[in-house]
Amino acid sequence: MVVDSLEVGGAERHVVDLAVALSRKEHEVTVACSVAGDLAESLEEANMPIRSLLDQLVKRRVSVAYARELWTLAKEERFDLVHAHVYASAAAAAIATMGTGVPLVVTEHTEAVWRGRRPRLVTRWFCRRASRVIAVSDAVKRRLVKQDDVPPAKIAVIPNAVPANPDSGSGTLPLRDELRDRPLVGVLARLQPEKGVATFLKAGARVAKVVPQARFIVVGDGPLRAELEVLVRRLCMKRNVRFLGFRSDPRALIELLDVLVVPSLTEGAPLVVLEAMAAGVPIVASAVGGIPDQIRHEGEGLLVPPGDPAALGDAVLRLLRDPGLARRMGAAGCRKAATVFSHAKMVARTEDVYRAALGLSPGSDATLKEPGAWALP
């Protein structure tokens with residue numbers, strides 16, 4: 001597995017959870033990255049090897065140094081297959097596996113609206129190099145086909161999923177006494193522009209005018225934190241909003257929410273949506289990317305246009321005013337998380353992609369590992 005870093009993020013957590021699940025199924029998995037991060041702890045607890053290859057993060061760029069280190073690692077470890085996630089790691093892995101005969105699988109996690117002409121050309125190249133490409137949503141598949149000219153037959157759509165959480169409810173929430181018996185609305189995201197947290201705060205100000213006792217938590221950190229804290233003061237919401245920063249227990253926090261908000265301006269298939277569904281928490285989310293594939297409007301939650309504080313605030317108010325509706329949506333989400341978005345099914349479908357990349361039949365009982373058959377020279 002290759003991913004840019006092991007810092008907290010949706011793609012990164014997907015990699016960690018998938019790697020641990022594959023290891024438990026007796027696959028030998030190594031996770032490589034340009035730099036490690038907080039999520040490395042989960043891999044260490046599972047006794048899984050981590051290879052941090054550089055002293056600085058490689059993100060949204062092609063790094064020859066990163067590719068060279070990956071090539072050296074692959075030559076030493078003689079892997080049977082490389083599975084790369086996120087632009088910089090996919091590009092580096094595509095370079096590192098050239099001429100080796102080692103199959104490359106690439107997972108595309110987002111619609112990648114940040115890309116200019118050169119990154120689009122690079123994406124087209126590494127997808128052409130890959131034996132198989134996984135898209136986490138139909139929206140990502142459409143982007144791959146229309147913008148990157150990837151043949152549809154090469155793409156497998158495998159929705160994200162989250163594993164069962166045995167430690168559910170073990171977290172502690174700061175200011176819990178202050179928040180007791182108050183409606184609690186939250187967003188869990190890295191604080192960067194595309195996550196739409198400013199829209200969430202503006203919507204919160206609209207909600208607070210009607211439900212002044214409501215409280216709003218922002219879980220996560222990032223480059224916009226200071227700017228968002230200024231916005232809170234400008235909205236006169238300092239009493240209502242708490243920034244909790246990075247937390248190691250996001251699932252426990254989600255369980256305490258009355259409503260989870262996902263105000264993203266662009267998305268792939270966010271894990272936080274699935275975690276809220278698994279916890280039975282209703283969701284208000286932007287109708288972007290793969291989110292409509294995860295939740296149905298009026299089913300497991302409410303969908304609103306991106307970047308629209310009024311629509312977002314009105315949807316949150318609707319759920320706070322109608323606890324029966326909120327409970328029904330939460331229960332529907334819980335059922336869907338356990339069936340449609342089963343983590344075991346996601347892992348099994350990923351194994352089938354590996355089999356196809358290795359020239360084996362999907363769903364066959366043939367072992368994925370045939371020593372020496374796919375090793376680097």
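The values are calculated or read from the model by the stated rules, or taken from the named source; none is laboratory data. Owing to the predicted nature of the structure, the values given are computational and were not obtained by experimental measurement. Note that we place each Cβ from the backbone using ideal geometry, even for glycine, and neighbour counts take in every protein chain shown.
For the range 258-272, name all the residues that are among the acidic types (Asp, Glu) and within 15 Å of the chain's Cα centre (by Cα).
Listed by number, the list holds a single entry, Glu267.
I'd like the full set of residues that are farther than 28 Å from Pro292 by Cα and outside any strand (DSSP E or B), limited to the range 92-116. Write out each step before concluding.
Kept after step one, since they are farther than 28 Å from Pro292 by Cα, are these residues of the range 92-116: 92-104.
Of everything in the range 92-116, those that are farther than 28 Å from Pro292 by Cα and outside any strand (DSSP E or B) turn out to be Ala92, Ala93, Ala94, Ile95, Ala96, Thr97, Met98, Gly99, Thr100, Gly101, Val102, Pro103.
How many residues does the range 27-77 hold that are over 18 Å from the mean Cα position of the chain (by Cα) and basic (Lys, Arg)?
Going through the range 27-77 one residue at a time, the tally reaches 4.
Working only within the range 48-60, note down all residues that are exposed (fewer than 15 other Cβ atoms within 10 Å of the Cβ) and among the charged types (D, E, K, R).
Asp55, Arg60
Among the residues of the range 62-78, which ones are modelled with pLDDT under 95 and either in a loop (DSSP other than H, G, I, E, B) or exposed (fewer than 14 other Cβ atoms within 10 Å of the Cβ) (or both)?
Glu76, Arg78
For the range 40-57, indicate whether the set of residues that are over 23 Å from Arg247 (Cβ atoms) and basic (Lys, Arg) is non-empty.
Yes, the range 40-57 has at least one match.
Ala310: surrounded by fewer than 18 Cβ atoms within 10 Å (Cβ to Cβ), in a helix (DSSP H, G or I) and hydrophobic (A, V, I, L, M, F, W, C), yes or no?
In short, yes.
Restricting attention to the range 102-123, which residues are surrounded by fewer than 16 Cβ atoms within 10 Å (Cβ to Cβ), under 22 Å from the mean Cα position of the chain (by Cα) and at pLDDT 95 or above?
Once the filter is applied, which keeps residues that are surrounded by fewer than 16 Cβ atoms within 10 Å (Cβ to Cβ), under 22 Å from the mean Cα position of the chain (by Cα) and at pLDDT 95 or above, the range 102-123 yields only Arg120.
Can you work out which of the residues in the range 261-291 that are assigned to a loop (DSSP other than H, G, I, E, B) and of a type in the set (Ser, Thr, Tyr) is surrounded by the most Cβ atoms within 10 Å (Cβ to Cβ)?
Filtering the range 261-291 for residues that are assigned to a loop (DSSP other than H, G, I, E, B) and of a type in the set (Ser, Thr, Tyr), the one surrounded by the most Cβ atoms within 10 Å (Cβ to Cβ) comes out as Ser264.
What residue, of Glu275, Glu370, is closer than 26 Å to Ala205 by Cα, at pLDDT below 95 and out of contact with any Asp or Glu (no Cβ under 7 Å at 6 or more places or on another chain)?
Criteria check complete, one pass: Glu275.
Consider only pairs whose beta carbons are under 6 Å apart and that are at least six residues apart or on different chains; among these, list those whose first residue lies in the range 174-194 and is under 14 Å from Leu265 (Cα atoms) and basic (Lys, Arg) and whose second residue is surrounded by fewer than 20 Cβ atoms within 10 Å (Cβ to Cβ) and at pLDDT 65 or above.
Arg190/Gly222
Restricting attention to the range 317-343, and to residues there that are among the small types (Gly, Ala, Ser) and modelled with pLDDT of 95 or more, which single residue is surrounded by the most Cβ atoms within 10 Å (Cβ to Cβ)? Break it down stepwise before answering.
Residues of the range 317-343 among the small types (Gly, Ala, Ser): 324, 326, 330-333, 337-338, 342.
From the residues that got through so far, the ones that are modelled with pLDDT of 95 or more too are 324, 326, 330-333.
On the way: Gly324: 7, Ala326: 19, Gly330: 22, Ala331: 13, Ala332: 19, Gly333: 28.
Step by step, filter the range 317-343, then rank; the result is Gly333.
Residues checked against (1) in contact with a Leu (Cβ under 7 Å, 6 or more places away or on another chain); (2) among the small types (Gly, Ala, Ser):
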position	(1), (2)
Leu57	no, no
Ala67	no, yes
Ala93	yes, yes
Val102	yes, no
Val106	no, no
Trp114	no, no
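For the range 215-249, enumerate the residues that are in contact (Cβ under 8 Å) with a residue 60 or more places away in the chain and crowded, with 21+ Cβ neighbours inside 10 Å.
Once the filter is applied, which keeps residues that are in contact (Cβ under 8 Å) with a residue 60 or more places away in the chain and crowded, with 21+ Cβ neighbours inside 10 Å, the range 215-249 yields only Gly220.
Specify the residue that is farthest from Gly222 (Cα to Cα); the eligible residues are those in the range 1-58 that are of a type in the set (Ser, Thr, Tyr) and in a helix (DSSP H, G or I).
Here is the first cut: in the range 1-58, the ones of a type in the set (Ser, Thr, Tyr) are 5, 23, 30, 34, 42, 52.
In the following step, the residues that additionally are in a helix (DSSP H, G or I) were identified as 23, 42.
On the way: Ser23: 31, Ser42: 22 Å.
Among residues in the range 1-58 that are of a type in the set (Ser, Thr, Tyr) and in a helix (DSSP H, G or I), the one farthest from Gly222 (Cα to Cα) is Ser23.
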